[in-house]
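The values are calculated or read from the model by the stated rules, or taken from the named source; none is laboratory data. Quick caveat, the model's predicted, so the values are computed rather than measured. When we count neighbours, we look across all protein chains shown, and the Cβ atoms used for this are built from the backbone with ideal geometry, even at glycine.
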Amino acid sequence: MNLRATRLEASPDDRRAFVTGHTALGRSALVPGIKLYLASEITPLWRASEEFLKIHNVAPPFWAFAWPGSEALARYVTEDPSLVTGKRVLDFAAGCGLAGIACALAGAATVDAAEIDPVACAAIRLNAEANDCRLSAIEGDIVGQPCRWDVILCGDVCYEVPMTRHILPWLRACASSATVIIADPARAYVPREGIAAIARFEVPTSLDLEDSTSRTVTLSRLLPEAA
C-alpha cells in the first residue's frame, strides 16, 4: 500500500476553517491598528495542530503568533512608509503576514508574502482580508528564484544553522538589487559581518514562546557580497 497516496490533503476551505477555529481576532502589539488571527491559548492549538498534522501533513502553527521580528518590521514600516511606498515588497518567511500587511497599508505597489506552510498561507490571506488590504500569499520555498522585488523583509529567519545556510547566500545575492532587512531578536545564527544596523525596538513577548517578557529586536540591512 502506498501510504503517501492514502494521506488526505487539506482543502483551502479546511485550512481557513482550521485557522478561524483555533484562533481569535486580535491585534499587533506594536501596530495595534493591524488585526490578526492569533492563538490565545498556546497548548490547545499545538495539540490540535499535532492531530491535524497526522491527517493532513500540517507544520507546527508558527503562523498563529506575531513574532518579535515581524512586530518590529511592521512598526518600522509604519513609522517610515517611504521604505515601501510604490515599491515591490517581499515578506519572506512571513508567518502570519504582519510585516507584509503593514507594507500593503503603507502603500506598497505589490506585496508577496512567502511561506512554505499552506496553513500559514491561509492565515496570511485571512489576515489580509481582516485589514482590507491586498497581498499575494506564495506557498513554497522561493529561495533561488530571481529577485523581482525592491524590498525584502525577513522577520526572524536565522534561528537554526540549516535555515541560515540555506537562505543567506540567496538573500545576499538579492541585496545587490534590493533593500534586504533582517529582524534579529537576538537569535544565535544571524550574520555578524556584512550587515548594518538601522533600528532597534523593544517588543513585548509571551513566556509561552520566549524566555522573557520582552525582546530587543535589531533591524539590519543585509549588504551584498563584496565584489
- Subset of region 127-142 (residues that are assigned to a loop (DSSP other than H, G, I, E, B) and surrounded by 15 or more Cβ atoms within 10 Å (Cβ to Cβ)): ASN131, CYS133, LEU135, ILE142
- Query: Considering region 82-126 alone, what residues qualify as being under 14 Å from the mean Cα position of the chain (by Cα) and assigned to a strand (DSSP E or B)?
  - Reply: VAL89, LEU90, ASP91, PHE92, VAL111, ASP112, ALA113, ALA114, GLU115
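How many residues are of a type outside the set (Ser, Thr, Tyr) and buried (at least 17 other Cβ atoms within 10 Å of the Cβ) when one looks only at region 144-169?
Residues of region 144-169 that are of a type outside the set (Ser, Thr, Tyr), as a first pass: 144-158, 160-163, 165-169.
Then drop every residue that is not buried (at least 17 other Cβ atoms within 10 Å of the Cβ), which leaves 147, 149-158, 167-168.
The qualifying residues number 13.
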- Query: Looking at region 23-40, is at least one residue outside any loop (DSSP other than H, G, I, E, B), more than 19 Å from CYS133 (Cα to Cα) and at pLDDT below 90?
  - Reply: no
- Which one of these is surrounded by 16 or more Cβ atoms within 10 Å (Cβ to Cβ) and within 16 Å of PRO224 (Cα to Cα): ILE101, ILE181? ILE181
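Which residue out of PRO146, PRO191, PRO169 is out of contact with any Asp or Glu (no Cβ under 9 Å at 6 or more places or on another chain), modelled with pLDDT under 95 and either assigned to a loop (DSSP other than H, G, I, E, B) or more than 17 Å from PRO68 (Cα to Cα) (or both)? Can you show your working first?
Working: PRO146 fails: modelled with pLDDT under 95; PRO169 fails: out of contact with any Asp or Glu (no Cβ under 9 Å at 6 or more places or on another chain).
Only one candidate qualifies: PRO191.
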- Index of the failed condition, ILE124 passing every other in (1) modelled with pLDDT of 95 or more; (2) out of contact with any Phe, Trp or Tyr (no Cβ under 9 Å at 6 or more places or on another chain): (2)
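Table: residues versus (1) touching a residue at least 60 places away in the same chain (Cβ under 8 Å); (2) closer than 16 Å to SER220 by Cα.
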| position | (1), (2) |
| --- | --- |
| ALA106 | no, no |
| VAL111 | no, no |
| LEU126 | yes, no |
| ARG134 | no, no |
| ASP156 | yes, yes |
| ARG165 | no, no |
| LEU168 | no, yes |
| PRO185 | yes, yes |
- Task: Find all pairs meeting these conditions: Cβ atoms under 6 angstrom apart; at least six residues apart or on different chains; first residue within region 211-222 and closer than 10 Å to ASP184 by Cα; second residue hydroxyl-bearing (Ser, Thr, Tyr) and at pLDDT 95 or above.
- Result: LEU219/TYR76
